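So the structure is just underneath, and the comments pick up after that.
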Amino acid sequence: MDTILLVNDSNTLTKVLSSHFSRAGYRVICVTGVMDAFAAFIRNEVDLILTDYVLREKDCAEVIATFRSKKALGKLPIVVFTAMEDPDTARRCVEAGANLVLAKSNGTRHLLERIEGLVTEWKASRPSPSLDKDLGHCIVQATGDVFRTMVNRKVTPGEVTIEKAQIRRAEVIGSIGVAGFLSGSISLFMPRKLAQETVAAMLMLEPGTEVSDAELVDAIGELTNMVGGNIKTLLFQKTPLFDISVPSVYIGEDLQRRSVSDDLCFMVPFRVGDLEFAVEFLMVTKKEGGTGVQQVVVDGVRSA
């Protein structure tokens, strides 16, 4: 079923449009705020965005430009449905990236006729914008690319799991903070033997060469930074989700990392030869107020 993301803060018009679209065979996601629109897009496979011109939080043209600036959204249909029929309004929306600017005075039948062709064209070339699908893929690709280019070793990923945060044990933990539309951390959990071999390869030392704790901390910190940066770059092709902080590295005999709240983790195990490590993307859920796409994902996992 094709999906329309409807951005409108009028309850009456939202009900009318949603009813018409549903009868026409569309799935309709209704949101009133701009941040909710970004969250809904990330969480769902959307085939068309329909937005009112007058929005409380941001200028409509700015919202369109933000969606349109992402590589993955190059052909996604964006339609503005407005009561303002002056040429300047239409020009601003088109310049920002809207496919169509339609007057509300023409009615919903005209609207349905115009968007049908846009949806058909989009479906022929659409990418998958679902965070659930993309994040696991990004972790696998980012980690594999970093180990191939910086360590000259091939890693074999295991199954991507989505689960509540739990205690993680490792001898070496590299972690980098995530803040923005998503918040939390990206962490690498490694046995010390693998960490030492990885550092030796990064520093181009002879196999079996001992590395100091200082060298290990610096190199694993850089490795963590590169994995986190690659995940960010891959996800940013869709929409700006987060920034990353300075990495931290911890070394010990039996380190334990435990989250103190009901957080969500995307976890991917990897194998290098006969050794294993894991990469985790932990999302901190927002308990009160605000929009957090991670809470939407948590709710989706709980209801699955």
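The numbers here are math on the coordinates, done by the rules we state, and not lab data. Values in this document were obtained by computation on a predicted structure and should not be read as measured data. Quick reminder, even Gly has a Cβ in these numbers, built from the backbone with ideal geometry, and neighbours come from all protein chains shown.
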What is the packing order of peptides 198-209, 25-36, taking the mean over residues of other C-beta atoms within 10 Å and listing the highest first?
-> 25-36, 198-209
Can you give me the Cα centroid spacing of the range 44-117 and the range 155-177 in angstrom?
-> 41
Nearest 0.05, what FRET efficiency do Thr209 and Arg91 give at R0 = 41 Å with Cβ-Cβ as r?
-> 0.05
For a label point 7 Å from the Cα of Val119 along Cα→C-beta, name the residues of the range 1-19 whose backbone N is under 15 Å from it.
-> 1-7, 17-19
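Using Cα-Cα distances under 8 Å and only pairs 6 or more residues apart, what relative contact order does the chain have, in percent?
Worked out over the chain, it gives 18 percent.
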Would you please state the base-10 log of I(q)/I(0) at q = 0.14, 0.15 1/Å for the chain, with intensities from the Debye formula using one equal scatterer on every alpha carbon?
-> -1.00, -1.09
Cα-centre dipole for the chain with unit charges at Cβ (Lys and Arg positive, Asp and Glu negative), debye to 20 = 920
Too-long pairs where the Cα-Cα distance tops 27 Å, listed order kept, from Lys123/Lys154; Lys123/Lys164; Lys164/Lys232; Lys15/Lys164; Lys58/Lys164; Lys75/Lys154 | Lys123/Lys154; Lys123/Lys164; Lys15/Lys164; Lys58/Lys164; Lys75/Lys154
Which of rounded, prolate, oblate describes the range 3-123, given a ≥ b ≥ c as roots of the alpha-carbon gyration tensor eigenvalues and a/c under 1.5 marking rounded, otherwise prolate only if a/b is larger than b/c?
-> rounded
Taking 0.36 nm per residue of separation and subtracting the Cα-Cα distance, what length does fully extending Tyr250 through Asp145 add?
-> 35.5 nm
Work out how much length Thr161 to Leu112 would gain on full extension: take 0.36 nm times their residue separation and subtract the Cα-Cα distance, in nm to one decimal.
-> 13.7 nm
Once exposed loop GluC sites (Glu not before Pro) are cut out (DSSP; at most 11 other Cβ, 10 Å), longest piece of the chain = 1-158
Enter the angle in degrees (range 0 to 90, nearest 10) between the Cα long axis of helix 293-303 and the first principal axis of the Cα atoms of the chain, meaning the one along which they spread out most.
-> 90
In order over the range 146-163: 3J(HN,Hα) from phi, Karplus 6.51/-1.76/1.60, θ = phi - 60°, whole Hz, x for each Gly or Pro, gives 5, 5, 5, 7, 9, 10, 6, 9, 8, 10, 10, x, x, 7, 6, 10, 10, 8
Highest mean first, what order results for 268-275, 5-12 on Cβ atoms within 10 Å?
-> 5-12, 268-275
